[in-house]
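> Once you've had a glance at the structure underneath, I'll fire off some questions.
The values are calculated or read from the model by the stated rules, or taken from the named source; none is laboratory data. Everything numeric in this text was worked out from a predicted model, so none of it was measured. When we count neighbours, we look across all protein chains shown, and the Cβ atoms used for this are built from the backbone with ideal geometry, even at glycine. These area figures cover heavy atoms from the full protein model, side chains too; ligands, DNA and RNA do not enter into them. Shrake-Rupley method; radii C 1.70, N 1.55, O 1.52, S 1.80 Å.
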Amino acid sequence: MTTTTKKEEKPYRKVPIVILGQNETDGKSNEEEKQKLQQINGSDEIISTLLNHEYIKDILQNEKWNSKTTEMNMNKFLSNASTSSSDSTSAIEEKESEEEKNKKKWIEYSNDLSLILYPNICRTLSDSYKTFSYIDEEKNQQQFSTFQRFSIKTIGSLAMYFAASRIKKKYNIEDERKALLDKIVDMEQAKDGLDGGKKKFLVDDEDVTEEGKQSDDGHPGLADLSIYGVLKSIEHTDAFHDVVIERKDGENENGDVAIKQWYYRMKDQVEGN
């Protein structure tokens with residue numbers, strides 16, 4: 001296609017971005033190598049693409065992931081999963097449609113949540129500097145020189161602080177911490193969310209008992225994974241500790257808030273397997 005018949009696509013300027021493909025030249029031209037690479041934009045597209053990748057499917061389908069002792073279920077993650085039953089009724093289709101809407105709602109929620117996180121992790125110059133402390137982790141010391149790490153922490157944190165201020169102004173965020181807390185509480189209290197801690201994960205009502213609590217065979221889905229990924233990225237920041245770890249309002253009988261219990265439940269599912 002020439003530029004007269006098709007407009008040139010604008011580059012994607014947001015994060016996250018994942019590039020899939022081999023990065024070995026083997027004597028081939030750069031153009032040939034580019035054709036091997038696939039750029040995936042946005043959290044939901046990245047997760048959906050990866051979970052439909054044959055390599056990831058093989059890992060999830062092994063004996064450990066499919067055992068009865070784990071709550072992780074690959075089919076609950078796949079965004080294109082659909083029933084193949086020939087006797088599906090319109091009621092079932094309607095239910096599936098509602099489940100799909102619910103899943104999309106919480107994936108969109110994760111995108112909104114990530115927007116609010118930015119002003120929170122760079123609220124002050126000190127917060128912004130702490131946010132970039134990950135660069136001093138041992139794994140990054142092997143990839144970046146001392147000067148590079150220093151530049152990232154100083155220049156990077158300053159730039160991100162001013163950028164966060166512009167985001168606050170653009171989206172009319174007056175109190176970024178309150179906005180973040182309100183967003184978290186929405187997920188905790190929503191009936192199709194964690195329902196005040198009655199649900200272990202963001203799933204459909206079939207996993208909830210008559211007493212209103214989720215059954216033991218409940219398992220996380222794509223929506224859970226999307227939100228977990230967003231919060232995991234700020235686990236080392238003050239913002240995370242303020243709204244997840246050290247919160248006192250909304251505590252249940254175990255002395256924890258619903259989001260804290262859900263987060264560490266997800267952490268165990270993702271990192272423990």
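> Sort out which residues of region 38-59 are loosely packed, with under 14 Cβ neighbours inside 10 Å and either aromatic (Phe, Trp, Tyr) or in contact (Cβ under 8 Å) with a residue 60 or more places away in the chain (or both), and write them in order of number.
TYR55
> Return the residues of region 119-132 that are closer than 21 Å to LYS232 by Cα and open to solvent by 50 Å² or more (accessible area, probe 1.4 Å); say none if nothing qualifies.
From region 119-132, those closer than 21 Å to LYS232 by Cα are 119-124, 126-132; that's our starting set.
Passing the criteria: ARG123, THR124, SER126, TYR129, LYS130.
> Something else: Hey, can you tell me all the residues within region 163-183 that are in a helix (DSSP H, G or I) and in contact (Cβ under 8 Å) with a residue 12 or more places away in the chain? Can you show your working first?
Within region 163-183, the first condition is being in a helix (DSSP H, G or I), and the residues that meet it are 163-170, 176-183.
The answer is ALA163, ALA164, SER165, ILE167, LYS168, GLU176, ARG177, ALA179, LEU180, LEU181, LYS183.
> Restricting the first residue to region 93-119 and requiring it to be over 12 Å from ASP192 (Cα atoms) and among the aromatic types (Phe, Trp, Tyr), which pairs with a second residue that is in a helix (DSSP H, G or I) and at pLDDT below 90 meet a Cβ separation below 8 Å and a spacing of at least six or different chains?
These pairs meet every condition: TYR109/ALA223.
> Okay, next question. What's the number of the condition ALA163 fails, among (1) over 16 Å from ILE227 (Cα atoms); (2) under 19 Å from the mean Cα position of the chain (by Cα)?
Failed condition: (2).
> Looking only at region 218-249, count how many residues are part of a loop (DSSP other than H, G, I, E, B) and either touching a helix residue (DSSP H, G or I) at 6+ places or on another chain (Cβ under 7 Å) or modelled with pLDDT of 95 or more (or both). Step through it out loud before you land on a result.
Kept after step one, since they are part of a loop (DSSP other than H, G, I, E, B), are these residues of region 218-249: 218-221, 233-237, 246-249.
Add one more test, that the residue is either touching a helix residue (DSSP H, G or I) at 6+ places or on another chain (Cβ under 7 Å) or modelled with pLDDT of 95 or more (or both), and what stays is 218-221, 234, 236-237.
The number of residues fulfilling the criteria is 7.
> With the checklist (1) among the β-branched types (Val, Ile, Thr); (2) under 26 Å from GLY196 (Cβ atoms); (3) more than 21 Å from the chain's Cα centre (by Cα) in hand, flag the one item THR154 doesn't pass.
(2)
> Kindly check whether there is at least one residue in region 250-257 that is at pLDDT below 85 and either of a type in the set (Val, Ile, Thr) or closer than 20 Å to TYR118 by Cα (or both).
At the first step, the residues of region 250-257 found to be at pLDDT below 85 are 250-256.
Among the residues that remain, those that are also either of a type in the set (Val, Ile, Thr) or closer than 20 Å to TYR118 by Cα (or both) are: none.
Scanning region 250-257, I find no residue that is at pLDDT below 85 and either of a type in the set (Val, Ile, Thr) or closer than 20 Å to TYR118 by Cα (or both), so the answer is no.
> Quick one: in region 142-176, of everything that is open to solvent by 40 Å² or more (accessible area, probe 1.4 Å) and hydroxyl-bearing (Ser, Thr, Tyr), which residue is farthest from THR131 (Cα to Cα)? Give the steps one after another, and end with the answer.
Pass one, region 142-176, residues open to solvent by 40 Å² or more (accessible area, probe 1.4 Å): 142-148, 150, 152, 154-155, 158-162, 165-166, 168-172, 174-175.
Next, from what is left, pick out any that are hydroxyl-bearing (Ser, Thr, Tyr): 145-146, 154, 161, 165, 171.
Working: SER145: 19, THR146: 18, THR154: 11, TYR161: 10, SER165: 15, TYR171: 22 Å.
Among them, the one singled out is TYR171.
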